[in-house]
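Colleague: My structure is below; once you've seen it, I'll send some questions.
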Amino acid sequence: MRRFQFSVIKVGMWPYHPELLARPVPRYTSYPTAADFHDGVGGAEMEEALAQLSAGTAISLYIHIPYCEQICWYCGCNTGATGRKQRLDSYLQALEMEIAHLASRIGGRVRVNRLAFGGGSPNAITPIAFARLCDRILTLFRADYEELSVEIDPRIFTLDWAATLAACGVTRVSMGVQSFAEHIQKAIGRIQPLALVAKCVEWLRAAGIDAINFDLIYGLPKQSLADLEDTLAETVALKPSRIALFGYAHLPHLLPRQRRIDGSNLPGGYERFEMAAFGYEYLTSAKYVPVGFDHFALPGDPLAAAAHGDSVRRNFQGFTDDNSDVLIGLGASAISRFPDRILQNEKNSGRYRQLVSQCRLPATRGIILSCDDRDRGRIIADLLCRGEAQNIPEQIMKEIRYGLSAFAELGLISLGSSDLKAREEALPYSRLIASVFDSFRNGSGTSWSPAI
Ligand code: SF4
């Protein structure tokens, strides 16, 4: 017997407006988005930004490991198969060199507040290599971690890894779960039974790491509302401290690996909307605090506290309680963010290694933010994180009134002379409302995913 507690009509506290949802939009993990970066900026602008950091600045570091043991068909990340050991070793050597180059410029001057390892799969390298990277940073920087987080692939996680993470001082682990349904796992090329994920959770908790994040996906091939409900129930039983529930973005024209997924098996727009609404209501009923439009945190988690205190921010990993104004990314394709610029490292790992071996900072793309970009970026982040924005400059207000009129007529938002407030039921339309402030978009976009 199925056990839906919420009918779609009740879940309809989110009104369904397919005409609004038809337009694909960016996720706005940054504004301007990575698609708006250009190659007119690079290493010189990175040198300049680092030179301007004042003594004692608290920064966050992000280390990118663009390798995975097995590539999942749905994945949109910049990652490749680990393949030859030699390739991975060369990458790690380059990464250590980049850490040293950065440390020679700012190592003694700044304070590393947060360190995050992402990918790809950071546990595609060996536990020893991981410990060595952590040690290099501790040796070369003034580090005083509020949080040290690592993304892991549960399929290749081991008891040894759990012990290594604990010994290195890791405080938070994120794992890709997506769905526990076997038929969906087969359809997306990622087999990882519930028992395997539960074992990883058990190992981590036994090692003293209790802050565990799960990433789930709705809108997957062959996924039904019942499948989502089962995965949510199994997830809640494992009590991860944070859950992200993302909508699957099927973009096979940009991501050849997604061509293995049969598009005819994907849920339609209405089914996706139902799943997002159902997931939101399920997790909030299970006492998770909603953060933005797709994150949920247990009440004792710092992200829930940030949501209550209106201090949630948007970053490249989604919604965060990290309040550093400076994030420096290391590794191929990693993105750095300063108050006045965003810079991205060379994406190709061969060219990345070459630049680093020439003692150069490997940023090769990015954007210098104009005052207008910064205003719009602040407004977009406020809308996504808090559902409202104040002090909108007059010129921007004039430009966006027409674009927001459909949302206003449907009662989803209220507009003042210099502020905008989205109603609670506008949550699924957050990215669409935010996109009206995006001066780089012209209404089209085949590189983006549906807002829900
Ligand atoms: S493990 Fe994660 S990063 Fe690697 S291919 Fe699968 S989804 Fe992508």
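Colleague: If you restrict to DSSP beta bridges whose two residues both lie in the chain, what percentage is antiparallel, to the nearest 5? Let's see the in-between values first.
Modeller: Numbers: 26 of 63 bridges.
If I count the DSSP bridges inside the chain, around 40 percent turn out antiparallel.
Colleague: Roughly how far apart, in whole Å, are the Cα centres of segment 58-108 and segment 318-390?
Modeller: Value for the Cα centre distance between the two parts: 16 Å.
Colleague: Going by amide H atoms built from the backbone, whose H comes under 5 Å of the H on Trp14, apart from near neighbours?
Modeller: none
Colleague: I would also like to ask the following. Taking every pair of distinct Cα atoms and averaging 1/r, then inverting, what Kirkwood hydrodynamic radius in Å comes out for the chain? If you can, show how the numbers build up before the last one.
Modeller: Numbers: mean 1/r = 0.0440 Å⁻¹.
The answer is 22.7 Å.
Colleague: Something else now. In whole percent, and with a 1.4 Å probe on the protein chains, what portion of the accessible area of segment 101-189 is carbon and sulfur?
Modeller: Working: 1590 of 3120 Å².
Carbon and sulfur together cover 51 percent of it.
Colleague: Can you pull the percent of segment 367-452's accessible area that's carbon plus sulfur, 1.4 Å probe, other chains left in place?
Modeller: On the way: 1910 of 3950 Å².
Carbon plus sulfur share of accessible area: 48 percent.
Colleague: Here's a follow-up. Quick one: which residues, 5+ away or cross-chain, put their amide H under 5 Å from the amide H of Thr364? H built at 1.01 Å from N.
Modeller: Answer set, sorted by chain and number: Gln344, Asn345, Glu346.
Colleague: Now for a different question. Per residue, how many Å² of accessible area does segment 388-447 show with a 1.4 Å probe?
Modeller: 50 Å²
Colleague: Then there's this: How much of the DSSP bridge set in segment 105-228 is antiparallel, in percent, rounded to the nearest 5? If you can, show how the numbers build up before the last one.
Modeller: Details: 0 of 16 bridges.
Here the antiparallel bridges make up roughly 0 percent for segment 105-228.
Colleague: Could you tell me how far the Cα centroid of segment 27-54 sits from the Cα centroid of segment 123-169, in Å?
Modeller: With segment 123-169 and segment 27-54 each reduced to a Cα centre, they are spaced 27 Å.
Colleague: Treating the beta-carbon of each Lys and Arg as +1 and of each Asp and Glu as -1, no other charges, what is the dipole magnitude of the chain about its Cα centre, to the nearest 20 debye?
Modeller: Details: 48 positive and 49 negative charges, 188 e Å.
Dipole magnitude for the chain comes out near 900 debye.
Colleague: Additional query: What would the Debye equation give as log₁₀ I(q)/I(0) for segment 379-446 at q = 0.15, 0.23, 0.25, 0.29 Å⁻¹, counting only Cα atoms as equal point scatterers?
Modeller: Each listed q maps to, in turn, -0.41, -1.01, -1.20, -1.58.
Colleague: Taking amide hydrogens as modeled 1.01 Å from N in the peptide plane, which residues meet the under 5 Å criterion relative to Arg111, leaving out close sequence neighbours?
Modeller: Gly56, Thr57, Ala58, Ile59
Colleague: Another question, then. Which percent of Cα-Cα pairs in segment 98-154 sits in each 5 Å bin, short to long?
Modeller: Using 5 Å bins, I get a P(r) of 4, 18, 26, 25, 18, 7, 2, 0 for segment 98-154.
Colleague: Here is a follow-up. On the protein heavy atoms, probe 1.4 angstrom, tell me the percent of accessible surface of segment 190-247 carried by carbon and sulfur.
Modeller: Numbers: 1190 of 1980 Å².
Carbon-and-sulfur percentage of accessible area, whole number: 60.
Colleague: What do you get for chymotrypsin sites (Phe, Trp or Tyr not before Pro) in segment 365-452 restricted to DSSP loop and a cutoff of at most 16 other Cβ within 10 Å of the site's Cβ? Before the final figure, lay out each step's value.
Modeller: Details: sites: Tyr402, Phe407, Tyr429, Phe437, Phe440, Trp448; in loops: Phe437, Phe440, Trp448.
Loop-located and lightly packed - Phe440.
Colleague: How much accessible area per residue does segment 180-328 have, counting only protein heavy atoms and a probe of 1.4 Å, in square angstrom? Don't skip to the end; give the middle numbers.
Modeller: Working: 5800 Å² over 149 residues.
So segment 180-328 comes to 39 Å² accessible per residue, rounded to a whole number.
Colleague: Here is a follow-up. Given the -39500 (n - 2.57) contribution per DSSP H run of 4+ residues, what per-residue ellipticity at 222 nm results for the chain, rounded to the nearest 500 deg cm²/dmol? Kindly include the intermediate steps, with their values, before the conclusion.
Modeller: On the way: 15 runs with 167 residues, N = 452.
Roughly -11000 deg cm²/dmol at 222 nm, from the helical runs in the chain.
Colleague: Where nothing but the Cβ of Lys and Arg (+1) and of Asp and Glu (-1) is charged, how large is the charge dipole of segment 1-130 around its Cα centre, in debye to the nearest 20?
Modeller: Values: 12 positive and 10 negative charges, 159 e Å.
In debye, rounded to 20, segment 1-130 gives about 760.
Colleague: Another question about this same structure. Under 27 Å between alpha carbons, and skipping anything fewer than 8 positions from Lys347 in its own chain: which lysines qualify?
Modeller: Excluding near neighbours in sequence, the set is Lys85.
The values are calculated or read from the model by the stated rules, or taken from the named source; none is laboratory data. Just so we're clear, the structure is a prediction, and the values are computed from it rather than from any experiment. With ideal geometry, Cβ positions are generated from the backbone for all residues, glycine too; neighbour counts draw on all protein chains shown. To get the accessible areas, we keep the full protein, side chains included, count just its heavy atoms, and leave off ligands, DNA and RNA. Shrake-Rupley method; radii C 1.70, N 1.55, O 1.52, S 1.80 Å.
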